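Here is the structure we will look at.
The values are calculated or read from the model by the stated rules, or taken from the named source; none is laboratory data. What you see is a predicted model; the values in this text were computed from it and never measured. As a convention, Cβ positions derive from the backbone with ideal geometry for all residues, glycine included, and neighbour counts pool all protein chains shown. These area figures cover heavy atoms from the full protein model, side chains too; ligands, DNA and RNA do not enter into them. Shrake-Rupley method; radii C 1.70, N 1.55, O 1.52, S 1.80 Å.
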Amino acid sequence: ADEWMLVTAGDSSGFNTMTASWGMMGEMWASDVAVTVIRPQRYTFEFMEKNDYYTLCFFDDGFKKALAFCGAHSGRDCDKCKETGLTPVFENGYTYFEQAKTVVVCRKVYVSDVDPAKLTDASIDASVYPKKDYHRAYIGKIEKVLVK
């Protein structure tokens with residue numbers, strides 16, 4: 001995918017963000033939803049598990065370098081905001097970034113792990129999951145969209 005986003009979970013007491021390009025938006029269960037997937041070893045995974053809300057932040061092209069940094073470094077090892085100049089905004093139990101052009105606020109409604117036994121194309125398991133670190137999918141009801 002050409003457009004990257006930051007997936008962010010947590011609040012002012014602690015949060016993490018990671019760069020992603022996989023995911024989708026649509027309608028399910030009579031709601032507008034967003035789906036994002038995160039591998040269990042990612043630091044953001046811990047925050048997704050602990051929190052009811054997450055955000056998807058989209059940026060102008062001028063932020064590619066910051067998003068590349070957030071995708072290549074773990075929040076366990078550095079302060080991504082300090083390193084990139086991104087400014088977190090804390091609101092009602094979730095975090096987004098002031099510089100984002102679009103923010104999608106999601107409330108977790110469903111969580112499911114990719115089950116290799118259910119992959120009908122075996123090449124996906126071999127090519128995407130050589131370490132057997134299957135993504136967890138989060139379906140979030142879109143509660144709010146902020147647009148600059």
- What helices (runs of 4 or more DSSP H) completely inside segment 48-148 contain at least 3 residues that are in contact with a strand residue (DSSP E or B) (Cβ under 8 Å, 6 or more places away or on another chain)? 64-72
- Query: Quick check: is even one residue across segment 105-115 β-branched (V, I, T) and within 20 Å of F58 (Cα to Cα)?
  - Reply: yes
- Qualifying positions in segment 92-113 - closer than 21 Å to N16 by Cβ, at pLDDT 95 or above and open to solvent by less than 60 Å² (accessible area, probe 1.4 Å): Y94, T95, Y96, F97, Q99, A100, T102, V103, V104, V105, C106, K108
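Let's see how each residue does on (1) open to solvent by 70 Å² or more (accessible area, probe 1.4 Å); (2) of a type in the set (S, T, N, Q); (3) closer than 16 Å to Y96 by Cβ:
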position: N16; (1), (2), (3): no, yes, yes
position: W22; (1), (2), (3): yes, no, no
position: E27; (1), (2), (3): yes, no, no
position: V37; (1), (2), (3): no, no, no
position: T44; (1), (2), (3): no, yes, yes
position: T55; (1), (2), (3): no, yes, yes
position: G62; (1), (2), (3): yes, no, no
position: G71; (1), (2), (3): no, no, no
